[in-house]
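All remarks here apply to the structure that follows.
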Amino acid sequence: MSRIEIDYDKCVKDRFCIRACPYKLFADSGDGSPVLVENAEDLCIDCGHCLAVCPFGAIALNGVHQEELPDRAPSLDPSPESVEQLFTFRRSIRAYKKTPVERELLVKLAEIARFAPSAVNNQPVHWIMVDSKDVLTQIVSHTAAFMREQGVLPRLAEALDNGMDLILRDAPALAVAHAPSSALSPQVDCVIAATTMELAAASHGLGACWAGLLMRSANDCAPIRELLRLPEDHNAYAALMLGYPKLQYAKRPPRTPARITWI
């Protein structure tokens, strides 16, 4: 079976697949009917643009037909105002309720984040979800020890000696994005996926904060790598604390004006 199939009985020659394909793998046969260019199936990155854009289901990709895919619901499209509010009222949450985050919700967030863009649709991002209090405590302890060893922000490590977790902020859950270090653009792909997850979390009433202190140590501290069960050929490139926020923020504080250079 071919990876890319064209059902000419359904095709109405609208050239949508030709226009949509980012790698120009469809060509016009002369009457608007699409034909595959040479080596198209080897060059295809499985983005699914052709599958998603055809109004009549004339394209199948890797055995998947359009009728098997979910339909977009225009009624669910957010308004520009609601998107602006989601993005600009987002806060880095550092105070969490003790309420556990449901695993079903963490899975939902990962399912949403897998649709984030990645270099040539390589989709290299994997997730480690930590919701064990014991494991989170160990991660914080090892991170503090590593920071002391490296001479990084010693006061934050010292705070832990006084019972104050300024590393993971007593968050009930942690999401770590990791990928093969050999991937085309693993760090960027993981950061985009984590950003997507952070915004999705906000839409579900969760608070999130980037775990930057953990990220400074996760790949080079053997005990943390072991706790996270990171594959040997993977690195952790992004991490989010997650939990239900103790506080709600009703106002949007100012930010530096956008810096724009017109060319």
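The values are calculated or read from the model by the stated rules, or taken from the named source; none is laboratory data. Since this is a predicted model, take the numbers as computed values, not measurements. Virtual Cβ from ideal backbone geometry, glycine too; neighbours counted across all protein chains shown. Accessible surface areas use protein heavy atoms only, side chains included; no ligands, DNA or RNA. Shrake-Rupley method; radii C 1.70, N 1.55, O 1.52, S 1.80 Å.
Would you tally the residues in the range 200-213 being touching a Ser or Thr at 6+ places or on another chain (Cβ under 8 Å) and modelled with pLDDT under 95?
Taking the range 200-213 and keeping what is touching a Ser or Thr at 6+ places or on another chain (Cβ under 8 Å), we get 208-210, 213.
Narrowing further to those that are modelled with pLDDT under 95: 213.
Residues in the range 200-213 being touching a Ser or Thr at 6+ places or on another chain (Cβ under 8 Å) and modelled with pLDDT under 95: 1 in total.
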Subset of the range 20-64, residues open to solvent by 60 Å² or more (accessible area, probe 1.4 Å), over 19 Å from Ala119 (Cβ atoms) and either free of Cβ contacts under 8 Å to residues at least 24 places away in the same chain or within 26 Å of the chain's Cα centre (by Cα) (or both), comes to Asp28, Ser29, Gly30, Asp31, Glu38, Asn39, Ala52, Asn62
The one condition Glu84 fails out of (1) more than 16 Å from Ala202 (Cβ to Cβ); (2) of a type in the set (Asp, Glu); (3) under 24 Å from the mean Cα position of the chain (by Cα) is (1)
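How about the range 176-194: which of its residues are part of a helix (DSSP H, G or I) and surrounded by fewer than 18 Cβ atoms within 10 Å (Cβ to Cβ)? Spell out the reasoning first.
Going through the range 176-194, the residues part of a helix (DSSP H, G or I) turn out to be 186-194.
Result: Gln187, Val188, Val191.
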Just wondering, is there one or more residues in the range 91-110 that are over 28 Å from Asp189 (Cα atoms) and either among the β-branched types (Val, Ile, Thr) or under 18 Å from the mean Cα position of the chain (by Cα) (or both)? yes
Of the residues Met241, Met197, which is part of a helix (DSSP H, G or I), at pLDDT 95 or above and under 19 Å from Ile139 (Cβ atoms)? Met197
Could you please give the count of residues in the range 65-124 that are farther than 28 Å from Tyr244 by Cβ, touching a Gly at 6+ places or on another chain (Cβ under 8 Å) and not polar (S, T, N, Q)? 2
Here's a check for you: in the range 197-238, which residue that is open to solvent by 50 Å² or more (accessible area, probe 1.4 Å) and among the small types (Gly, Ala, Ser) is farthest from Glu102 (Cα to Cα)? Ala222
Filter result (out of contact with any strand residue (DSSP E or B) (no Cβ under 8 Å at 6 or more places or on another chain), under 18 Å from Gly63 (Cα atoms) and either among the charged types (D, E, K, R) or not in a loop (DSSP other than H, G, I, E, B) (or both)) within the range 1-45: Asp9, Lys10, Asp42, Leu43
Every residue from the range 117-144 that is touching a residue at least 60 places away in the same chain (Cβ under 8 Å) and within 13 Å of Ile224 (Cα to Cα): Ile128, Val130, Val135, Gln138, Ile139, His142, Thr143
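Run down Pro223, Pro180, Pro257 and say which single residue is under 28 Å from Glu149 (Cβ atoms), modelled with pLDDT of 95 or more and over 22 Å from the mean Cα position of the chain (by Cα). Reasoning before the result, please.
Numbers: Pro180 fails: over 22 Å from the mean Cα position of the chain (by Cα); Pro257 fails: under 28 Å from Glu149 (Cβ atoms).
Residue meeting the stated conditions: Pro223.
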Residue list for the range 210-236, restricted to those being among the aliphatic types (A, V, I, L, M) and in a loop (DSSP other than H, G, I, E, B): Ala211, Ala218, Leu230
